[in-house]
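None of the figures in this text is laboratory data; all of them are computed from the coordinates on show. Here the structure is a predicted model, which is why all the values come from computation and not from measurement. Because the Cβ atoms are built from the backbone with ideal geometry, glycine has one as well, and the counts that use them run over all protein chains shown.
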């Protein structure tokens, strides 16, 4: 055999060997990626199941509300403060990290997760104990009529699931970024709570992962899709609120959209400001007796609201939103907006578990309906209600894209995408002109200070 044929033969062998190594390397990468994604699948399924369980509890409790006539019912002055007390005591005694919405806690945990030294703090904020107490406390508060939602708590619950799964991953397992795991958990929680996968993605990017966008890849989508599918397999395909008939906007409609969004966004800032001020004030009540006085007083004030306004001020407000959008014969009382506004505020500052996501939608809907009633905008009724929902939420959260996409996925109002986008930007701008930080950002900063203060004492 000549020299050239020999060289050619060896070149072919080397080429085949290179191809073999390359294929093997690709197979190893695929195998590694599959193994690495397994904890995300497991955590997502558990989070989805818990979200379904939690939503069913809320549905059952809220169905009881409709069987009770709260208007001018004297029992509310005993029943409601007692429920507020029990809901708060569960938090005070067993898990203070489970208080409130849960979104600020998750934001703090994500921030702490960048340093391994903070792992024990993250485990305090996101744990199995938090899951149990969060569900119990919020359920008791809702049972007493509390104007709260389950969406924020579901986000912390999902974050706790993902953190717990992360803690039991063996050391020999392909490394998973802790921060990414927590962000994925929060996104999965929102997707499962609202049945809005796109909303979960945008929420993760816009709110939870502001400084972490480049690392959010396949695992985030797996978490959202699997949790959403798990929820959908059990509950079926549904829209959180329903398919609303929203008319296409005419020229004059732009003016009404901007007006409504500006008002709702400004009120969203006011709602956030009041909550933040009272949360800080509450921290001065640092003994059991002072806390007891606070929660009973707040419960009594909420009972006064319920006694005078009835069922329109209790629960998450989801039923009211549905009535406003789909029942042409439903007449909203003039006091529905202030009742929802102050009812949600009082419920949140009680110190028990409960979120403001769904209540924000209800408050925004009552703002929209109030404007429809005052300006006699029957032609644009559903559009203005939806605009109020988006703008108020954007004003509270400073997350315009999340607010817009959540309501779009909930209502399927695709004919009015542009006015809905406009509402989210106007509401966000109106709120941001007063404060550069959202409710959740302010609460997370405040919560982090409390965590650091507690650590120094220890």
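Kirkwood hydrodynamic radius computed over region 90-204 comes to 14.3 Å, based on all pairs of distinct alpha carbons.
Each Cα pair under 8 Å and six or more residues apart adds its sequence gap; the mean of these over the residue count of region 38-235 is a relative contact order of 31 percent. Here is the tail figure for region 38-235: Cα pairs spaced more than 25 Å apart come to 36 percent of all pairs. Net length available on complete extension from residue 68 to residue 414 is 120.9 nm, with 0.36 nm assigned per residue and the Cα-Cα distance removed. In region 354-458, the ratio of gyration radius to Kirkwood radius, Rg to Rh, stands at 1.12 when only Cα atoms are counted. Rounded to the nearest 0.05, the FRET efficiency derived from the C-beta distance between residue 36 and residue 117 at R0 = 25 Å is 0.55. Each listed q (0.14, 0.18, 0.21 Å⁻¹) maps to a log10 I(q)/I(0) for region 33-120 from the Debye sum over equal C-alpha point scatterers, namely -0.84, -1.13, -1.26.
In plain terms, the chain from residue 96 to residue 77 could stretch by 4.2 nm, reckoned as 0.36 nm per residue minus the Cα-Cα distance.
Once Rh is set to the Kirkwood radius over Cα pairs, what Stokes-Einstein translational diffusion coefficient, in µm²/s, holds for region 317-386 at a temperature of 4 °C and a viscosity of 1.567 mPa s?
104
On the basis of the beta-carbon distance and an R0 of 51 Å, residue 289 and residue 331 show a calculated FRET efficiency of 0.70. Taking label positions 7 Å along the Cα-Cβ direction at both residue 435 and residue 280, the computed distance is 0.9 nm, reported to one decimal.
Relative contact order, whole percent, for region 251-455 stands at 31, derived from Cα pairs under 8 Å and 6 or more residues apart. Evaluated at q = 0.15, 0.20, 0.24, 0.25 Å⁻¹, the base-10 log of the normalised Debye intensity for region 288-353, with identical point scatterers placed on the Cα atoms, takes the values -0.52, -0.79, -1.01, -1.06.
Do you know the relative contact order of region 374-458, to the nearest whole percent, from alpha carbon pairs under 8 angstrom that are 6+ apart? Intermediate values should be presented prior to the final figure.
Numbers: 68 pairs, mean separation 27.8, N = 85.
Relative contact order, region 374-458: 33 percent.
Apply the a/c threshold of 1.5 to the C-alpha gyration tensor of region 303-424 and tell me whether it is rounded, prolate or oblate. Judged from the Cα gyration tensor, region 303-424 comes out oblate (a/c at least 1.5, b/c at or above a/b).
When the square roots of the Cα gyration tensor eigenvalues are ordered a ≥ b ≥ c, the ratio a/c for region 251-455 is 1.5 or more and a/b does not exceed b/c, which makes its shape oblate. Taken along the Cα-to-beta-carbon direction at a fixed 7 Å, the label points for residue 59 and residue 259 span 3.9 nm.
From most to least packed by mean Cβ count within 10 Å, the peptides 57-64, 295-302, 147-154 give 147-154, 295-302, 57-64.
Remark: the residue 373-residue 129 segment gains 83.2 nm on full extension, using 0.36 nm per residue and subtracting the alpha carbon distance.
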